[in-house]
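Trainee: My structure is below; once you've seen it, I'll send some questions.
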Amino acid sequence: MTNKTVQGIHGYGSKHWVGDGFPVRNIFPSNGVNNEVSPFLMLDYLGPAYFPPSETPHGVGEHPHRGFETVTIVYEGVLAHRDSTGSSGILNPGDVQWMTAASGIVHEEMHEGEFARRGGTMHGVQLWVNLPKVHKMSKPGYQSILNQDIPVLDVSDGVSARVIAGILPGATGPAKTFTPMNVFDVKMKAGSRAEFELPEGHNGGVVLLHGGASVDGNSLKGEAMIAVLSRKGTGISLSAETDSSLLILTGEPINEPVAQYGPFVMNTQDELRQAVEDYRSGKMGHLS
Ligand code: MN
């Protein structure tokens with residue numbers, strides 16, 4: 001078995017607010033990491049950030065998406081969402097929302113009301129996953145994946161992995177995906193080591209959210225960094241110098257043109273113009 005190799009190590013790019021509720025560090029693509037992690041389009045690391053008590057919940061109001069999926073993992077804090085399909089829900093720590101925007105959805109993402117009144121720390125990630133052309137105009141929907149439904153594997157001494165999507169020997173993630181991918185939420189204790197089996201031919205990255213860890217002997221220290229992995233190879237070895245939180249992302253590349261305009265990710269400029277028109281004319285619906 002040949003391991004995947006680290007193609008590059010990148011710190012986060014932009015640091016900005018999404019609405020008034022989500023201060024994020026963008027782990028890609030604002031740092032130039034782009035097609036080499038297809039099918040993944042974007043990764044924001046939210047917080048950790050403390051919000052004092054507020055009667056008016058912070059967040060990001062009504063906005064559209066088309067052509068891809070948004071995956072939100074909450075580590076701390078409580079989120080509330082509503083969308084134009086009439087769905088709504090709450091994400092508690094450990095929960096994951098896997099939203100398929102596909103042909104179009106309009107939603108809001110807010111701090112949950114009681115959490116806002118109490119005040120507290122918001123901490124999580126949002127990952128954007130591209131859809132292949134054949135599914136970009138499929139029906140929108142979402143999977144509400146509860147913490148208790150996500151298998152946790154003891155990978156080795158001091159290393160645990162929550163399998164959100166894909167397969168690790170011993171567990172299959174609950175997320176249904178349109179193309180093959182793995183999303184693992186990994187915790188490593190200082191001094192621990194682990195080997196992960198990863199598919200040949202998948203793009204991928206090991207994301208260090210917090211701590212200090214080595215990926216195939218390459219040291220990452222700090223926060224919100226990514227080690228981009230080679231397509232070739234079938235595994236990766238990790239070791240942690242300090243207690244670390246990581247994400248392992250791998251996926252079969254989508255070899256199609258990517259055209260993006262804000263919250264719309266399609267294949268052509270014409271399709272982007274159509275998306276803007278459809279949103280403006282109300283075809284993606286509205287929040288009731
Ligand atoms: Mn959104």
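The values are calculated or read from the model by the stated rules, or taken from the named source; none is laboratory data. Nothing here was measured: the structure is a model prediction, and the numbers come from that model. We place every Cβ from the backbone using ideal geometry, glycine too, and count neighbours over all the protein chains shown. Side chains are part of the model used for accessible areas, which takes the heavy atoms of the whole protein and leaves out ligands, DNA and RNA. Shrake-Rupley method; radii C 1.70, N 1.55, O 1.52, S 1.80 Å.
Trainee: From the Cα gyration tensor of region 125-180, with a ≥ b ≥ c the square roots of its eigenvalues, which class applies: rounded if a/c is under 1.5, or else prolate if a/b is larger than b/c, or else oblate?
Mentor: prolate
Trainee: Listed highest first by mean packing, meaning other Cβ atoms within 10 Å per residue, what order do 174-187, 55-68 come in?
Mentor: Details: 174-187: 19.7, 55-68: 18.2.
So the peptides 174-187, 55-68, ranked by packing, come out 174-187, 55-68.
Trainee: Another question about this same structure. In what sequence, highest mean first, do 216-224, 97-105 appear when ranked by Cβ atoms within 10 angstrom? Don't jump to the answer; show the numbers that get you there.
Mentor: Working: 216-224: 15.6, 97-105: 22.3.
Ranking, from highest mean packing down: 97-105, 216-224.
Trainee: Taking the alpha-carbon centroid of each part, what is the distance from region 124-145 to region 71-98 in angstrom?
Mentor: When both Cα centres are located, 14 Å separates them.
Trainee: With all protein chains present, how much of the accessible area of the chain (probe radius 1.4 Å) comes from carbon and sulfur, to the nearest whole percent?
Mentor: Carbon with sulfur: 52 percent of the solvent-accessible area.
Trainee: Among the listed pairs Lys136/Lys232; Lys4/Lys189; Lys4/Lys221; Lys187/Lys232; Lys139/Lys189; Lys176/Lys232, which have their C-alpha atoms separated by more than 30 angstrom in this model?
Mentor: In this structure, Lys139/Lys189 exceed 30 Å between Cα atoms.
Trainee: Follow-up question, since we're still on this one. Is the shape of the chain best called rounded, prolate or oblate, per the rule: a/c under 1.5 gives rounded, else a/b larger than b/c gives prolate, else oblate, with a ≥ b ≥ c the square roots of the Cα gyration tensor eigenvalues?
Mentor: Numbers: a/c = 1.77, a/b = 1.27, b/c = 1.40.
Cα axes put the chain in the oblate bin.
Trainee: For region 107-181, with the dipole built from +1 on Lys and Arg beta-carbon atoms and -1 on Asp and Glu ones, taken about the Cα centre, which of Phe178, Gly124, Ile164 lies farthest toward the positive end?
Mentor: Toward the positive end, the furthest listed residue is Phe178.
Trainee: Oh, and also: What residues have an amide H closer than 5 Å to that of Asn267, excluding those fewer than 5 places away on the same chain, when H is modeled at 1.01 Å from N in the peptide plane?
Mentor: Ala259
Trainee: A follow-up question, please. With an 8 Å cut-off on Cα pairs and a minimum separation of 6 or more residues, tell me the relative contact order of the chain in percent.
Mentor: On the way: 829 pairs, mean separation 63.4, N = 288.
It comes to 22 percent, rounded to a whole number.
Trainee: Where the only charges are on Cβ atoms (+1 Lys, Arg; -1 Asp, Glu), what is the dipole of region 87-203 about its Cα centre, to the nearest 20 debye?
Mentor: Roughly 260 debye, rounded to the nearest 20.
Trainee: Is it possible to state the helix-based mean residue ellipticity at 222 nm for the chain, with each DSSP H run of 4+ residues giving -39500 (n - 2.57), the sum divided by total residues, to the nearest 500 deg cm²/dmol? What is it?
Mentor: Estimated from H runs of four or more residues: -2000 deg cm²/dmol.
Trainee: Sticking with this one: If you place +1 on the Cβ of every Lys and Arg, -1 on the Cβ of every Asp and Glu, and leave all else neutral, what size is the dipole of region 204-258 about its Cα centre, to the nearest 20 Debye? Show your work: numbers first, answer last.
Mentor: Working: 3 positive and 6 negative charges, 29 e Å.
Around 140 debye, computed over region 204-258.
Trainee: Shifting gears a bit: If you place +1 on the Cβ of every Lys and Arg, -1 on the Cβ of every Asp and Glu, and leave all else neutral, what size is the dipole of region 163-288 about its Cα centre, to the nearest 20 Debye?
Mentor: On the way: 10 positive and 14 negative charges, 37 e Å.
My answer is approximately 180 debye.
Trainee: Turning to a different aspect of this structure: Could you check the simple spin-label distance between Lys189 and Arg280, using points 7 Å along Cα→Cβ, in nm with one decimal?
Mentor: Placing both labels 7 Å beyond Cα along the Cβ direction yields 5.8 nm.
Trainee: So, one more: Note down the relative contact order for region 179-288 as a percent, whole number, built from C-alpha pairs under 8 angstrom at least six residues apart.
Mentor: Taking the mean separation of contacting Cα pairs over the length of region 179-288, I get 32 percent.
Trainee: Hey, can you rank 124-137, 198-211, 148-161 by average C-beta count inside 10 Å, highest first?
Mentor: Going from most to least packed, we get 198-211, 124-137, 148-161.
Trainee: What is the distance in Å between the Cα centres of region 164-220 and region 267-288?
Mentor: 35 Å
Trainee: Can I ask one more? Once R0 is set to 41 Å, what does the formula 1/(1 + (r/R0)^6) return for the Cβ-Cβ distance between Ser88 and Thr5, expressed as a FRET efficiency to the nearest 0.05?
Mentor: Computed FRET efficiency for Ser88 and Thr5 comes out at 0.40.
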